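Heads up: the structure comes next, in structure tokens.
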Amino acid sequence: MTERVKLPVSRKRKWIRLLNILLVIYLLIGVAAYFFQDRFLFHPEIIAKEKKFNFSVPYKETNVVLDEAYTMDVVQFLTDDSLAKGVVLYFHGNRKNIEWYAKYAPAFTSKGYEVWMIDYPGFGKSSGKLTEQILYDYAEQLYVMAKAKYNADNIIIYGKSLGTGIAAWLASKKSAKRLILETPYYSITSLASHYLPVYPVGRLLKYKLPTYAHINIINAPITIFHGTGDNVIPYSNAAKLKSLLNPKDEFITIPKGEHNNLSEFPLFKEKLDSVLAL
């Protein structure tokens with residue numbers, strides 16, 4: 001007959017106390033993830049409405065009033081030629097504002113493409129409350145503006161980091177020459193699961209941004225760039241998109257590329273230039 005080994009009462013209490021502490025910590029992290037997810041996901045910097053930008057590339061700024069609560073700041077980086085080949089609708093990442101991402105515009109304007117960037121609500125000079133639907137609404141409004149000047153086959157949709165989910169959604173709804181994604185995620189939910197593996201993030205998060213759900217219904221060719229050294233959006237998370245691509249699409253791996261330095265790699269420049277030359 002097997003005898004049960006009983007823990008001393010004091011030792012049992014210690015284990016119960018430890019488990020209670022771990023449970024409280026677990027719950028606190030879950031509560032913080034739910035109530036403060038906007039702060040974790042978005043890191044905007046506001047710019048005074050009256051401030052004038054000082055960009056190295058010629059530009060035109062338009063503040064689009066959508067309603068009493070929402071305004072969308074649009075900066076259109078122009079080419080040296082009076083006749084541009086087309087336009088790149090550029091959806092930036094989750095930090096700062098257009099001023100930070102303007103440094104990427106010359107890669108496109110030097111190839112004959114205008115670059116139109118927007119700031120999301122609460123970023124730069126744009127106002128309003130952030131929601132996933134509002135991000136999509138802003139993207140669609142920018143497309144409508146571009147379509148008034150360019151044909152769909154002269155419009156490239158470009159997303160960087162956070163903006164990749166927005167860009168993929170837009171490309172699934174509207175016609176375009178090409179979709180380009182730099183450091184994309186499979187979905188915000190899957191990315192959050194990487195950082196919070198023991199939490200039901202699907203229920204906690206307001207933002208889903210399911211890039212994967214749009215990829216296989218996009219008619220335009222897709223080019224994806226991702227670095228193996230990315231410690232913000234792991235390469236493995238983006239690589240799950242590979243199985244959803246068509247033969248005409250391309251997933252370009254940048255060895256040792258990190259989240260914010262892909263533009264410094266010759267392979268990235270070479271591939272981007274070749275796509276813009278088409």
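The values are calculated or read from the model by the stated rules, or taken from the named source; none is laboratory data. What you see is a predicted model; the values in this text were computed from it and never measured. When we count neighbours, we look across all protein chains shown, and the Cβ atoms used for this are built from the backbone with ideal geometry, even at glycine.
Every condition in (1) surrounded by 21 or more Cβ atoms within 10 Å (Cβ to Cβ); (2) within 11 Å of residue 89 (Cβ to Cβ); (3) not acidic (Asp, Glu) holds for residue 184 except the one numbered (2). Out of the residues in the range 122-147 meeting the condition of being assigned to a helix (DSSP H, G or I) and aliphatic (A, V, I, L, M), tell me which one is nearest to residue 91 (Cα to Cα). Filtering first and then ranking leaves 139. Can you say whether residue 60 is over 24 Å from residue 260 (Cα atoms) and modelled with pLDDT of 95 or more, as far as the supplied structure shows? Spelling it out, residue 60 is indeed over 24 Å from residue 260 (Cα atoms) and modelled with pLDDT of 95 or more. With respect to (1) touching a residue at least 24 places away in the same chain (Cβ under 8 Å); (2) surrounded by fewer than 17 Cβ atoms within 10 Å (Cβ to Cβ), the lone exception for residue 79 is condition (2).
Sub-6 Å Cβ pairs linking a first residue in the range 204-225 that is over 11 Å from residue 171 (Cα atoms) to a second residue that is in a strand (DSSP E or B), at least 6 apart or interchain, are 223/180; 223/250; 224/181; 224/251; 225/182; 225/252, ordered by first then second residue.
Does at least one position in the range 94-101 carry a residue that is among the basic types (Lys, Arg), part of a helix (DSSP H, G or I) and either buried (at least 21 other Cβ atoms within 10 Å of the Cβ) or at pLDDT 95 or above (or both)?
The answer is no, given that none of the residues of the range 94-101 is among the basic types (Lys, Arg), part of a helix (DSSP H, G or I) and either buried (at least 21 other Cβ atoms within 10 Å of the Cβ) or at pLDDT 95 or above (or both).
Residues that are within 17 Å of the chain's Cα centre (by Cα) and either assigned to a helix (DSSP H, G or I) or among the β-branched types (Val, Ile, Thr) (or both) within the range 243-274 comprise 262, 263, listed in sequence order. I'd like the full set of residues that are buried (at least 17 other Cβ atoms within 10 Å of the Cβ), within 19 Å of residue 152 (Cβ to Cβ) and out of contact with any Asp or Glu (no Cβ under 9 Å at 6 or more places or on another chain), limited to the range 221-251. Across the range 221-251, the qualifying residue is only 249. Right, residue 171: touching a Leu at 6+ places or on another chain (Cβ under 6 Å) and in a helix (DSSP H, G or I) or not? Yes; evaluated as a whole, the condition is true for this residue.
Taking the criterion of being over 21 Å from residue 136 (Cβ atoms), assigned to a loop (DSSP other than H, G, I, E, B) and out of contact with any helix residue (DSSP H, G or I) (no Cβ under 7 Å at 6 or more places or on another chain), the residues of the range 205-239 that qualify are 221, 229, 230, 231, 232.
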